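Scroll down for the structure; my scribbles are underneath it.
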Amino acid sequence: VGSFLKTPKFPIWVVCSESHFSVLFGLKKELMSDWKFERRFDLYYYDGLANQQDEIRLTVDASEGCSVEGDDDLIPPLELCIRTKWKGAFVDWNGTDPIL
């Protein structure tokens, strides 16, 4: 994926996962224009097809590299997607069960 799709004008990404589309977004527009905001920030995930009722807030920490070694089947696909933009980022699901 090219840089324009990874770094849009607004922090909103359409994600194709589980054979349907969902959305991943941030509430701070500065995330796209100021590298200091890319160190630790929250992203929100919404999947309308799954009839999602609860908020899924992911805290992304790109300040330190995270080891992504191991069985790819146990890494949530959404985390792998996030790491295409923020290589080695640690993703905290904040108490929500990761979507495998």
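The values are calculated or read from the model by the stated rules, or taken from the named source; none is laboratory data. Since the structure is predicted, the reported quantities are computational estimates derived from the model, not experimental observations. Cβ coordinates were reconstructed from backbone atoms using ideal geometry, including for glycine residues, and neighbour counts include every protein chain displayed. Quick note on the areas: whole protein, heavy atoms, side chains included, nothing else; ligands and nucleic acids left out. Shrake-Rupley method; radii C 1.70, N 1.55, O 1.52, S 1.80 Å.
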Residue match in segment 5-25 (condition: open to solvent by 100 Å² or more (accessible area, probe 1.4 Å), modelled with pLDDT of 85 or more and closer than 14 Å to Leu58 by Cα): no
Checking Glu69 against (1) modelled with pLDDT of 90 or more; (2) out of contact with any Gly (no Cβ under 9 Å at 6 or more places or on another chain), the condition it does not meet: (1)
Hits in segment 33-60 - residues which are open to solvent by less than 30 Å² (accessible area, probe 1.4 Å) and out of contact with any helix residue (DSSP H, G or I) (no Cβ under 8 Å at 6 or more places or on another chain): Asp47, Ile56, Thr59
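Of all residues in segment 1-11, which are part of a helix (DSSP H, G or I) and not basic (Lys, Arg)? Before the answer, list the steps.
So the first thing to find is which residues in segment 1-11 are part of a helix (DSSP H, G or I), and the list is 3-6.
Scanning segment 1-11 gives Ser3, Phe4, Leu5.
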